[in-house]
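Following: one structure in structure tokens, then a few remarks.
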Amino acid sequence: MTPTVPSPIYLFTLEEKVRPGCMEEYTEYTKKLIDLIRELNVGIAFSAFGSESGCMDYNQRITGPCDFGPKLEAWDTVHAALLKIEWGKKRLNSVEWSRYSVWERSGELSYEPAHPEPDQSRPTYFVWKNLRLRAEKEKDFIETGRQVRAFLEKKNIERGYNVFRNLIGYEGPLYTVIFPGRDPVESQAWLQQTGRNLAFGLLPFLPQLMASVEQTADFEGRAMPELSLVSG
């Protein structure tokens, strides 16, 4: 029997940075935005994630990079409608910057534990670790990532992670590793404790990773169902 190959997972993401001091009104107007999108019926749906620093992510599953153009057109329609409404203009003004991007999940780099933690089936808090690579080292990074995943599988680590590669929206090879957690304190404690416990075994992989990665950045945030739109 031929093994089933999982379908690739692609995400269309709208990232927004809320201006300092504007989160309360931004939240109020985003709830109105959700109602507006429903009225426009333009095929937009998303899961929202936000951080205390005002960084927001709105993620929608898509079939592939070919959906990027249609999603941009849909959001352009929403933007044009916002410009005609007083609260819509206020929401636009509450955003410091925004960016659209497309990501593909890497099945070969993501780690799914055989026996996951019982309470991790629906995580509500996440840590994103963005890794910008040196272009000439991407193949080395992928090979090292495979080895790290195999090491964690051997150790039966109970908490997994997803790895996404940016396809559209950013310059250069950019990967993000997403770790689930319960809350800020627990998430950081787990990462630190796991790092200490596995330090000796992970040590051989560090030189290759350091040689492949040019820049790193962390982002922490929680799922925000109150600002999510489950169906477009």
Residue, nearest to ARG132 (Cα to Cα), within the range 207-232, restricted to residues that are loosely packed, with under 13 Cβ neighbours inside 10 Å and modelled with pLDDT under 90: VAL230
Complete set of residues in the range 130-160 that are closer than 22 Å to GLN208 by Cβ, at pLDDT below 95 and under 18 Å from the mean Cα position of the chain (by Cα): GLY160
Meets criteria (touching a Phe, Trp or Tyr at 6+ places or on another chain (Cβ under 8 Å) and either touching a residue at least 60 places away in the same chain (Cβ under 8 Å) or surrounded by 13 or more Cβ atoms within 10 Å (Cβ to Cβ) (or both)) for LEU133: yes
Wholly enclosed helices (runs of 4 or more DSSP H) of the range 1-101 bearing at least 2 residues free of Cβ contacts under 8 Å to residues at least 40 places away in the same chain and either in the same structural domain as PRO123 (by TED's automatic domain parsing) or more than 30 Å from ARG165 (Cβ to Cβ) (or both): 23-40, 86-93
Residue in the range 141-159 that is touching a Lys or Arg at 6+ places or on another chain (Cβ under 9 Å) and part of a helix (DSSP H, G or I) present: yes
Residue that is nearest to the chain's Cα centre (by Cα), among those in the range 56-83 that are buried (at least 16 other Cβ atoms within 10 Å of the Cβ) and among the charged types (D, E, K, R): ASP57
Count - residues of the range 107-140 that are closer than 25 Å to SER7 by Cα, in a strand (DSSP E or B) and not charged (D, E, K, R): 6
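The values are calculated or read from the model by the stated rules, or taken from the named source; none is laboratory data. Computed from a predicted model, the values in this text were never measured in an experiment. All Cβ positions, even for glycine, are placed from backbone atoms using ideal geometry, and neighbour counts span all protein chains on display.
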